[in-house]
Ligand code: IFM
């Protein structure tokens, strides 16, 4: 253990991330069309307490103040997403100039504040008109995405130099179309593979369009990754771990890096009856399109997942491994396991050889409120971030080309089906008054950014 200052590489990109539907509000402002989340969140029982993103953090109206907060924290970069139905209310066709202007001004103000914009095109708020026509399981949605990418990159490509096509396509395909927990709420396992394929295909098609409209820009995709390990060496645990990793990660990473869909995952889907028409949604040339070279991969890492199952495929409860305290378990019920970050970074760097990696999301949900003086002493979040920064540095020392780190999230926000019950922000949001409070973790993060490193022992 060494007591010293641990610097990060020069020019390391320290940032924070958000997503349009989670923070903007203004759900029907200025000609915006409906998104799948506007519709899904209104379905009885779909979200915690029936909560919606109608108002959220009202960022649509308060973005100037929010940029001041980013400046105060010294953020080098800000990762945000664009609400597709603000730009193309019907998904394709007529452009809503007022919607475009919102992001145009946001980008200008970020640059003026010295903050690099990292723009995500799709963080799940698909225009409802496209969903009504079948959504991501349909090829036409991939075609519409390219139109959207073209409109946006023609408009912002002179200033935005970091583009992300999709955020966590696995979550959309699995939780949105297969399990029904996210919008659009479909519960049809047969929709997983076609939805995944069209998300990936639209990525592949959009990359050259963005490059054409934004010369010199860096373009990538963001995948979610857990450190997934078997609870034992039993054949059942080992197989379930492999299947989970296949569907949640390799089904997305492998084709992006030119390997096609993993054969074990395809076999499993076929055996389970989830590919009723085989892989007929793959047209000639699709896999080459998906494998278009990218400049970086973004990884969203939060937790370790330990897989335990029996011969019948039931999931008996895990034996408790450590105290069930907030130090070890965030309020999402996710395990705080920093070594998993080092391991995931090493795995991706070694297996896929990306040019660069960004941690595009990492953070923890703890609900610590402000005290009477307005201080938010979110010690568990601070420790979570600190230990994950250390884990990232270990990966860098081992040779991982990690270029930046985006904390999830800049501010508390709408946590999808969990509504406002989960707070991931380093900035506390009082949803009644919309007042923002910098949490202790934010003030600590400011110091890390300023020094470009961490003090202390590890
Ligand atoms: O809030 C989400 C985000 O939208 C996508 N990644 C995980 C976060 C926490 O659940």
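The values are calculated or read from the model by the stated rules, or taken from the named source; none is laboratory data. Keep in mind it's a predicted model, so treat the numbers as computed, not measured. Counting neighbours? That spans all protein chains shown, and the Cβs are built from the backbone with ideal geometry, glycine included.
Please specify each residue of the range 122-137 satisfying the condition of being in a loop (DSSP other than H, G, I, E, B) and within 16 Å of the ligand (Cβ to nearest atom).
Within the range 122-137, 123, 124, 125, 126 qualify.
Here is a yes/no grid of residues against (1) in contact with a helix residue (DSSP H, G or I) (Cβ under 7 Å, 6 or more places away or on another chain); (2) more than 23 Å from residue 167 (Cβ to Cβ):
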| position | (1), (2) |
| --- | --- |
| 237 | no, yes |
| 242 | yes, yes |
| 246 | yes, no |
| 268 | yes, yes |
| 271 | no, yes |
| 275 | yes, yes |
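Quick one: residue 355 ticks every box in (1) under 18 Å from residue 223 (Cβ atoms); (2) in contact with a strand residue (DSSP E or B) (Cβ under 8 Å, 6 or more places away or on another chain); (3) surrounded by 14 or more Cβ atoms within 10 Å (Cβ to Cβ) except a single one, so which number is it?
(3)
Mind counting the residues in the range 306-339 that are in contact with a helix residue (DSSP H, G or I) (Cβ under 8 Å, 6 or more places away or on another chain) and within 16 Å of the ligand (Cβ to nearest atom)?
Residues in the range 306-339 being in contact with a helix residue (DSSP H, G or I) (Cβ under 8 Å, 6 or more places away or on another chain) and within 16 Å of the ligand (Cβ to nearest atom): 3 in total.
Any idea how many residues of the range 368-380 are out of contact with any strand residue (DSSP E or B) (no Cβ under 8 Å at 6 or more places or on another chain) and surrounded by fewer than 13 Cβ atoms within 10 Å (Cβ to Cβ)?
Residues that pass the stated criteria total 3.
Is it the case, given these coordinates, that residue 238 is in a helix (DSSP H, G or I) and either within 16 Å of the ligand (Cβ to nearest atom) or within 26 Å of residue 38 (Cβ to Cβ) (or both)?
When the stated conditions are applied, residue 238 does not pass them.
Identify all residues within the range 225-235 that are more than 30 Å from residue 121 (Cβ to Cβ), outside any loop (DSSP other than H, G, I, E, B) and touching a helix residue (DSSP H, G or I) at 6+ places or on another chain (Cβ under 7 Å); write none if there are none.
If the condition is that a residue be more than 30 Å from residue 121 (Cβ to Cβ), outside any loop (DSSP other than H, G, I, E, B) and touching a helix residue (DSSP H, G or I) at 6+ places or on another chain (Cβ under 7 Å), then 229, 230 are the ones that fit.
Please find, among 309, 325, the residue that is in a loop (DSSP other than H, G, I, E, B) and within 30 Å of residue 19 (Cα to Cα).
Just a single option satisfies the conditions, and that option is 325.
Of everything in the range 146-187, what is touching a strand residue (DSSP E or B) at 6+ places or on another chain (Cβ under 6 Å), within 30 Å of residue 274 (Cα to Cα) and part of a loop (DSSP other than H, G, I, E, B)? Give them in sequence order.
168
I'd like to check something: does the range 361-377 contain any residue that is within 24 Å of residue 257 (Cβ to Cβ) and within 16 Å of the ligand (Cβ to nearest atom)?
yes
Can you pull out every residue in the range 421-443 that is within 23 Å of the chain's Cα centre (by Cα) and part of a helix (DSSP H, G or I)?
441, 442
May I ask you to verify whether residue 222 is at pLDDT 95 or above, buried (at least 21 other Cβ atoms within 10 Å of the Cβ) and not in a strand (DSSP E or B)?
no
Tally the residues that are away from the ligand (no atom under 12 Å from the Cβ), in contact (Cβ under 8 Å) with a residue 12 or more places away in the chain and either part of a loop (DSSP other than H, G, I, E, B) or within 24 Å of residue 354 (Cα to Cα) (or both), restricting the search to the range 386-419.
17
Please pick out the residue among 37, 27 that is assigned to a loop (DSSP other than H, G, I, E, B) and under 26 Å from residue 93 (Cα atoms).
27
Just checking, does the range 282-291 include any residue being more than 19 Å from residue 195 (Cα to Cα), in a loop (DSSP other than H, G, I, E, B) and away from the ligand (no atom under 16 Å from the Cβ)?
No, that holds for no residue.
Mind checking which pairs have a first residue in the range 357-378 that is more than 20 Å from residue 341 (Cβ to Cβ) and a second that is assigned to a loop (DSSP other than H, G, I, E, B) and within 13 Å of the ligand (Cβ to nearest atom), Cβ under 7 Å, 6 or more apart or different chains?
367/331; 367/423
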